[in-house]
Amino acid sequence: MRKLLAAALVLAQLATTLASIEPHPIGSTAAASPRAAALSAGRRAAAAAAAALSASPTAKRPVDYVVSFKIDQSDIDSHESAIAAAQSARAASASASAAPRTPSAVRAEARLRAQSAVKERVLASGAAAAQGGTRLARDFRRLPVSLVSVDTPEALEALRSDPSVLSVEPRRQYTVQGRDLGLGLSRRGRQLLIAESLPLIDQPAAAAAGFTGQGCNVAVLDTGANWRHKHLGSCTAVGTPAATCRVMFAADFPLGQYDDGELDDMDHGSNVAAVIAQAAPGVNIIALDVFRKFNDGPGTEDYWGADDADLLAAVSWILENKESKKICVINMSLGASCMEGSEYVPCGPCPGHALAVAIQTARDAGVLTAAASGNDMFTTGLASPACAPAAVSVGAVYDAPHVGISWGNPPDDCTDANIVTDQIACFSNSASFLTVLAPGALIWAGGTQLGGTSQATPHVAATLAVLRAAAPTATNEEIIDALSTTGKEITDPRNGVKTRRISMMAALTKLLGGNGGGTPGGTVQINGGAAWAASQAVTLSVNATGGATQMCVASEATAACAPYEAVSASKAWQLPAGDGAKSVFVYFKNVLGAVSPSPATATITLDATAPSGEALSIDGGAQSTSSPQVTLAISGTDNNPAGLQMCLSNAQTTAAGCTPYEAFAATKAHTLSAGAGSKTVFLWLRDAAGNAASAQAQITLLVVPSGTVAINGGAAWTNTPSVTLNITAGEGATEACVANTAVGAADCSPYEAAAVSKAWQLPAGDGEKGVFVYFKNAAGETGGPATATIKLDATAPAEASLAINGGAEWATATGATLTIGGSDNNPAGLQMCLSNAQTTAEACSPYEAFAASKQWQLPAGEGDRTVFLWLRDAAGNSVGASASIKLDTQAPRSVGVSINDGAAETASLDVSVAITASDFSGVASMCIKAAAGARCGEGDFVAFASPAAVALPAGAMGARFVYVTLRDARGNTMSSAASDQITYNDPTVPSDVSVSIANANSGGWVTSRDVRIAVSGAGAASVTQICVREDASACTTFSPFTNPMPYLLTSPTDGQQTLYVTLRGGAASGAASAAQSGAGLPVSVPMSVDLNPPTDARISVSGGSGVAAGPYLSLAVAATDVSGVKEVCITDEPGATAASCQPWRPYSTAQSFTLASAEGTSKVLAFFRDGNDHVSSGVAANVTIDKSKPKAKKRDMDLKATASSSSITLTWSKDGATDDVSNVASFFVLYRANYTPNSCKSKRKRTKVVNASIGADGTVTAVVKGLKPGKRYGFRCCAVDAAGNVGGGVTQHARTQRGGR
């Protein structure tokens, strides 16, 4: 992290140096054109800011940073309370004479005190930042911002880490945002340009109404102002003559420290100030020149720029003097792009920028800032400071039609063709958070014709001043809302963003109480837009637009409508008497007294006469009908027959309640209400105006007897022909007759009183059966039949069968697979029920669809298990089956283990183990282990037998255990072993001893085959015999023990090795066999063996190439050793040996070495020494000195370039480059915009490098990315040989393709 910070901070020093160059005096050297200066300064500003983001400050070269501080509201509240308390104390004092300060003044003072306290705390001498080397360079009293000088990366990190610091930024430089096209228009044509832009924003109308901005002055932060020009009042001096001079104050910044002697550095500020002066005739200008000359160092071109610190000082001065100079608006027609790496990019919302913090502070103090969005053609962001959330950002539109205009130079250019008024300029930056648009192309003012967002911005600044002067008590938010929500809405075709082009008059109207911008007007509707009215009393719906606040309503058009009243969305109104067309005229007036040029009108037809001649008859006047379907005859007329409607209903209702209405017709098919008896049909006639008339007619409805029937409650199946019929008799039916066939109502017999339920016998035989029911009413009329069907199935399912686990005898888990058999006449309706308990078909539950296989859970435990099956068909017929299996899921239990019939001790390791257990299927096998936790593998199980002979493990005397795991005949195995314990007590086993290698060196290494085995501990004196093995085989021969015991390794190898030692005690000295004495104490003695020097020694020169450009070599060496390689010695002395080689140096794989000879071929030797001082034999490598550079010719390399809009791919042949001594090893490419790098060692700062790759076929490829469309680039392809010599290279030019904008 520290390396990254240090590397990054180096870049910021360059930017800070650029930003701190003293301005050059303006002498005989002509300044650059405004456009050229703007472009160069803007690029320098953005590049400087990007470079300074992480530069490296030092005590000799400190770096300046702009620091913004966090001011907590709680701190402000605390200071405000203290000030109020002090003020109250003074007021209570008898000697107090000063008037108390206003609450706003107290809050302002509290904010200043809180700011000062935070700055002092962060920059205090004892603070971390100051201790690391941070000093205050410049303070801005009215802002929570300071310029500091930083000496060290630690100080910078401490500053950034302080919780009271909002941001730490490099000093930025800003450029003007206007462009001089030099179109060659006549002076009269140029003068007309401002005359076109002001009407576009409705400024003349506002001025005519008395809104000039008087009492609100604008501070212009720009290049100065030529106050001698007539547009600024032809001043003879600042503020003189007072009656006409519009510039009341002018100064260069830093105030009192710098003055370039010019009224305007480059005419830009004069143009901006003149636009404000003409757009707001009552406003005075405060011209603050924040621009001065900078350059990149001696011999470089001067350019104009505005430094962050000067801008911040200007804003602080404005806040200090806003009351005395009545400043309410700041104009910033300047900006700078943001940077990502080396790319210029649009800025997103930037609340943390220092200038954004200053703009927010000014806004909080009641001073609004208009800022140019920038001329970079961005569509996803703005320039800074327009990106500040508190700024009113301004884009540019054309104020008049034009054939076409091109802006800028390729590739930073754009063209607008067939220009129309209010077209957004192609250069104007745009984003979703852009505030407003204003005319900015082209504007003649202050003696200069310019186009840009710089020229759009003063139109907005002037409008803000006019709005503030017109509404002194309005909030900033209300003023910005009035500005940004009125005027013409324009869609940017580049990104679809919709933004309002300002209208001064519309904004005034909304701010002063209107509801929109533009000319007062609106719309009116009568009765919600109805075409007809049945009454003279109507309701008007009024919608006022264009800021209208009053309205006047009349029944006739009139030039002098009266009286006016406040606009109301709804108004009751009386139409003139008499049927016919009636009109209403509504005139509108806004708060400024302007009247709508024409009234809003609406027309309705008045019809107060109801329809007449209404009449209705049913079926030609018949007295009765046997069908509810009838035909109606309808009569009636109206003054407007086309609008006559009718509504028919079987229930009595009102004209308004009747629905639906339909067009009048003389006849209509109609359905009477259900049920026998007298029926009435009601008719309503309604005309277009809603007048209604009614009529009605009666008829008697006779009903045919009917009903319904269901079998067994609607069941689909029955298994018996004896069923129950469910009969429902319909209206008028009194008797019913039932038959199994469709015999007809006349032939059916007997008829009997209709019953709700009736027992019935279906015909015999399986299959579908039907029932027919006929009905008769009291008059003897018959109807029906009602029918129902059911399927008769009296045959039970067949072939029921069941098997568990395929008929197995045993099961070892409760989960089983059932195989099920069965059939039925209706397979789709076959169901099954399974149970572990014996039950009946009716009691079994649940039933499910039949399946040939099913997973089943047997009852837990052990023993015989039976599963019961019932099959049931759709009619309820059933059949059963069952199957049994023996279940053994448990391992052997009640296991008992006894060693030597329960003896407490044993002197022998061979014992007898008795085992008892119980199991349902019987114990089949066993596994016996003598170590706790030892796992039983499949190969460890043997046939069960009790007792079993077991050999206990050898070793020290003490407790021994036997662990028994049993498995039954079904494979169930114990999850944990049963065990027993016995104490091993053998007097020949020594105790309390330890064994080591006595002659190991201080590093623990054994470096000789002759080892000494030492026994220590309290029991060492009891050891009499020893057996030593180099493998784990059993000891058979013991020798008398001497301490230490010499032993010669028989097959030693370097690395870790183990000696297996068995000790005996208590026996007489002299050789003895294991059979004559006890087993003894086995001990494993690990040791680290190193008997040999380092091996696998290697050396290579220059990455294995064997060539070098000079005597200074980079070597790669390597060797391995079990104890580690400690040192290496490198020499080119002929005949050198390990003994003569000097000096020895610490071992690492990368070594540097200087040859004695810088010519020809030399041999280099390397010797290696391990950690135990064993030295290897020498390993050699030859090296040849290669001082020649690779050679290449363009025609031999076949160099080609392929371009896209953002990249160029270069390809060439590797064989086109050669070297006299060594091979060509690699290539790289240097490139630069417009120019070819002079050599392969070019150090120009704009030259960049990209590595090339060599393909298997010898084709070399280099891809250069991140290029600009349509731009020419120069390339130099450079070869590098194996010794690192770089050739002169071959060149190529190529241009990227021009991409779409």
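Quick rundown of the values:
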item	result
Packing-based order for 1244-1250, 1232-1238, using average beta carbon neighbours within 10 Å, highest first	1232-1238, 1244-1250
Neighbour net charge for R113 - beta-carbon separation under 10 angstrom, K R +1, D E -1	-2
Relative contact order (%) - segment 737-809, alpha-carbon pairs under 8 angstrom, separation at least six	30
Shape category assigned to segment 1252-1301 from the gyration tensor of Cα positions, a/c cut at 1.5	prolate
Neighbour cut-off at most 14 other Cβ (10 Å), DSSP loop, GluC sites (Glu not before Pro), segment 708-771	E731
Trypsin sites (Lys or Arg not before Pro) restricted to segment 1128-1221 and DSSP loop, no more than 10 other C-beta within 10 Å	none
Zone of K498's modelled label, taken as backbone nitrogen in segment 534-549 under 20 Å from a point 7 Å along Cα→Cβ	544-547
Span from the segment 921-968 Cα centroid across to the segment 242-273 one, whole angstrom	106
Residue-averaged [θ]222 nm for the chain, counting only DSSP H segments that reach four residues, each worth -39500 (n - 2.57)	-4500 deg cm²/dmol
Distance (nanometres) between label positions extended 7 Å along Cα→Cβ at K1163 and T473	10.6
Alpha-carbon centroids, segment 685-719 and segment 992-1040: separation in whole Å	116
Amide proton proximity set for N226, modelled H, under 5 Å, gap of 5+	S270
T1218/D296 FRET efficiency (R0 51 Å; Cβ-Cβ; nearest 0.05)	0.75
Distance violations [Cα-Cα > 22 Å] among K293/K322; K510/K589; K1189/K1214	K293/K322
Stretch gain in nm, segment A85-F433, where the contour uses 0.36 nm per residue and the Cα spacing is subtracted	121.0 nm
Relative contact order [Cα under 8 Å, 6+ residues apart], segment 591-648, whole percent	33
Hits among aspartates and glutamates - C-alpha to C-alpha of K582 under 16 Å, sequence gap 8 or more where chains match	E556, D607
Spin-label pair T102/S835, simplified geometry with 7 Å Cα→Cβ offset, distance in nm	9.6
Local electrostatic count, A130, Cβ distance below 13 Å [Lys/Arg +1, Asp/Glu -1]	-1
Cβ-derived FRET efficiency at R0 56 Å, A537 paired with Q257, nearest 0.05	0.10
Modelled label reach - R1298, point 7 Å along Cα→Cβ, segment 393-428 residues with backbone N closer than 12 Å	410-415
Sequence ranges 162-169, 1058-1065, 394-401, ranked by mean other-Cβ count within 10 angstrom, highest first	394-401, 1058-1065, 162-169
Reachable lysines, given that their alpha-carbon falls under 22 Å from the alpha-carbon of K70 and they are not under 8 places away in the same chain	K119
Of V275, M505, A1233, farthest towards positive along the dipole that unit charges on Lys, Arg, Asp, Glu beta carbons give the chain	V275
Phi-based couplings in Hz for segment 120-130 (Karplus 6.51, -1.76, 1.60; Gly and Pro marked x)	5, 5, 5, 9, 4, 4, x, 6, 4, 5, 5
Rg to Rh quotient for segment 1162-1301, alpha carbon positions, Kirkwood Rh	1.19
Packing-based order for 775-785, 252-262, using average beta carbon neighbours within 10 Å, highest first	775-785, 252-262
Check: the chain dipole with +1 on Lys, Arg Cβ and -1 on Asp, Glu Cβ, in debye	4780
Net length gained if the chain between N650 and S1207 were fully extended (0.36 nm per residue, minus Cα distance)	192.2 nm
FRET efficiency, 1/(1 + (r/R0)^6) with R0 30 Å, evaluated for D481 and Y564 via beta carbons	0.65
Semi-axis lengths, Å, the chain, gyration tensor of Cα atoms, sqrt of 5 times eigenvalues	86, 79, 33
Filtered GluC sites (Glu not before Pro), segment 317-350: DSSP coil and at most 15 other beta carbons within 10 Å	E323
Table column - 3J(HN,Hα) (Hz), segment 684-696, Karplus curve with 6.51, -1.76, 1.60, x for Gly and Pro	10, 9, 9, 8, 4, 8, x, 5, 10, 9, 9, 8, 8
Extreme residue, positive dipole direction of the chain, given options L334, V1263, C833 (C-beta unit charges)	L334
Integer Hz, Karplus 6.51/-1.76/1.60 couplings in order for segment 308-323, x for Gly and Pro	3, 4, 5, 5, 5, 5, 5, 5, 4, 4, 4, 5, 5, 10, 5, 6
Qualifying lysines (Cα of each under 22 Å from Cα of K758; at least 8 residues distant if same chain)	K769, K776, K791
Cubic angstrom per residue, convex hull over Cα atoms of segment 468-552	136
Average Cα contact separation per residue, the chain, under 8 Å, 6 or more apart, as relative contact order %	4
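A short reminder: the numbers here are calculations on the coordinates, not readings from a lab. The structure presented is a predicted model; accordingly, all values stated were derived computationally and were not measured. All Cβ positions, glycine included, derive from the backbone under ideal geometry; neighbour counts span all protein chains shown.
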